[in-house]
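As structure tokens, the structure follows; a few thoughts come after it.
The values are calculated or read from the model by the stated rules, or taken from the named source; none is laboratory data. This one's a predicted model, so the numbers in the text were calculated from it and none came from an experiment. Don't worry about glycine lacking a Cβ; one is built from the backbone with ideal geometry, like all the others, and counts go over all protein chains shown. To get the accessible areas, we keep the full protein, side chains included, count just its heavy atoms, and leave off ligands, DNA and RNA. Shrake-Rupley method; radii C 1.70, N 1.55, O 1.52, S 1.80 Å.
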Amino acid sequence: MIAASTIQEVREQVAQWKRAGLTVGLVPTMGYLHEGHASLVDKAREMCGKVIASDFVNPTQFGPNEDLEAYPRDFDRDCALLEAHGCDLVFHPSVEEMYAPNAATYVEILDEMPKQLCGKTRPIHFRGVCTVVSKLFNIVQPDYAFFGQKDAQQLAIIRRMVRDLSFGVQIVACPIVRESDGLAKSSRNTYLNPEERQAALCLSKAVFAGQAAAEEGQRDAKALLKLMTGIIEAEPLARIDYVSAVDGETMLPADELTDGVLVAMAVYIGKTRLIDNFIVGGLK
Ligand code: PAF
């Protein structure tokens with residue numbers, strides 16, 4: 001696997017691969033990789049001639065009081081995982097390589113979409129995500145880019161950005177990967193102490209109960225959210241940020257649980273904010 005730290009190196013390598021007629025898949029990550037990321041690399045490996053993963057903790061998507069400094073990092077471990085899953089190139093730039101000191105150009109969706117769900121408590125988050133993902137698309141020029149369904153709002157926002165700005169990349173959504181007890185895999189799970197790790201199961205329990213109720217025909221969002229909220233509130237270490245049902249594309253509140261509606265949550269377990277979700281009718 002090639003490890004590249006400059007934009008120039010990536011551009012030259014991709015140009016060579018494209019001249020050879022190979023398709024290129026991009027898996028954008030912030031590192032500290034787990035099996036969720038590995039599943040994205042596997043999918044990219046299946047669909048593309050060459051696979052690039054980016055490994056960059058993007059400062060512009062963290063708010064002033066968020067965990068940018070504490071965000072876990074282990075590049076050597078990431079390389080081992082990527083290599084084992086057949087990644088061809090890892091792009092691991094410095095902050096200075098990605099952002100000039102006076103960088104002041106951002107990509108932002110100017111409607112309600114990024115203000116819903118996670119956007120309510122993380123007002124600049126999706127602007128940072130759209131900006132860095134646009135930069136990665138410009139640097140790598142991938143044919144396909146792979147994102148996890150766990151970050152459902154991010155995925156919807158990136159699809160919208162790709163459409164609005166006519167990026168020539170196809171977005172591929174990959175299902176949530178869970179621990180054997182149900183907890184959705186996340187780099188932030190490492191923040192949890194053993195007691196919090198146990199408490200964190202309230203998220204997946206609520207998701208599974210909600211999913212089962214929707215499958216059994218519950219169509220009333222309010223009733224479903226009450227059921228899910230009750231499960232989370234029964235856990236003393238949990239504090240709900242939101243549990244919501246929204247249109248899967250616009251992220252606007254949905255009253256009726258029709259196919260494609262996203263039921264999503266963010267819950268603090270102690271100081272750690274975790275997210276989970278499901279789509280009514282399943283991921284298409
Ligand atoms: O999902 C993530 O890890 C990040 O938001 C992403 C897409 C790599 C952008 O920094």
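Each label point was placed 7 Å from the Cα along the Cα-to-Cβ direction; for ALA209 and GLU46 their separation is 3.3 nm.
Could you order ILE157, ILE279 so the one with the most accessible surface comes first? Probe is 1.4 Å. Please report the intermediate quantities before stating the final value.
Details: ILE157 0, ILE279 35 Å².
So the residues, ranked largest to smallest area, are ILE279, ILE157.
Pairs of lysines in the range 164-284 whose Cα atoms sit within less than 23 Å of one another amount to 7, provided the residues are eight or more positions apart or on different chains. Here each label is just a point 7 Å from Cα along the line to Cβ, and for LEU252 and ILE240 those points are 2.4 nm apart.
At 0.36 nm per residue, minus the direct Cα-Cα distance, what do GLU112 and LYS226 gain on full extension? Give it in nm, one decimal, please.
On the way: separation 114, 0.36 × 114 = 41.04 nm, distance 2.44 nm.
Gain in length upon complete extension: 38.6 nm.
For the chain, modelled as a GNM whose springs connect Cα atoms under 10 angstrom apart, the maximal fluctuation among ALA70, ALA199, ALA209 occurs at ALA70. Ordered from highest to lowest accessible area with the whole protein assembly present and a 1.4 Å probe, SER180, SER54 read as SER180, SER54.
List the residue ranges in the chain for DSSP H helices whose C-alpha atoms run 15 angstrom or more along the long axis and whose Kyte-Doolittle average is -0.5 or above.
Working: long enough: 7-19 (18 Å, -1.28); 35-47 (18 Å, -0.75); 125-140 (22 Å, 1.01); 152-164 (18 Å, -0.12); 201-215 (21 Å, 0.93); 221-233 (17 Å, 1.04).
Membrane-span-like by this criterion, though nothing is claimed about a membrane: 125-140, 152-164, 201-215, 221-233.
I want to check the label-to-label distance for ASP74 and ASN102. Put each point 7 Å from Cα in the C-beta direction and report it in nm to one decimal. If labels sit at ASP74 and ASN102, their model points lie 4.1 nm apart. Taken per residue, the accessible surface of the chain reaches 47 Å², heavy atoms only and a 1.4 Å probe.
Based on the Cβ-Cβ distance of LEU165 and GLU195, what FRET efficiency does E = 1/(1 + (r/R0)^6) give at R0 = 35 Å, to the nearest 0.05?
Numbers: r = 45 Å, r/R0 = 1.28.
After rounding to 0.05, the efficiency reads 0.20.
Sorting the segments 181-192, 13-24, 256-267 by their mean number of nearby beta carbons within 10 angstrom, highest to lowest, gives 256-267, 181-192, 13-24. Ratio of Rg to Rh for the range 181-284: 0.97 [Cα atoms; Kirkwood radius as inverse mean 1/r over pairs].
First compute the accessible area of the chain with a 1.4 Å probe, then give the percent of it belonging to carbon and sulfur atoms. All intermediate terms of the calculation are to be shown ahead of the outcome.
Values: 6710 of 13390 Å².
Answer for the chain is 50 percent, counting heavy atoms of protein chains only.
Over all alpha-carbon pairs in the range 147-201, figure out the percentage whose distance exceeds 16 Å.
So the portion of pairs separated by more than 16 Å is 54 percent.
So what does log10 I(q)/I(0) come out to for the chain at q = 0.10, 0.13, 0.14 Å⁻¹, using the Debye formula with one equal point on every Cα and no solvent? With one equal scatterer per Cα and no solvent, log10 I(q)/I(0) is -0.53, -0.90, -1.05.
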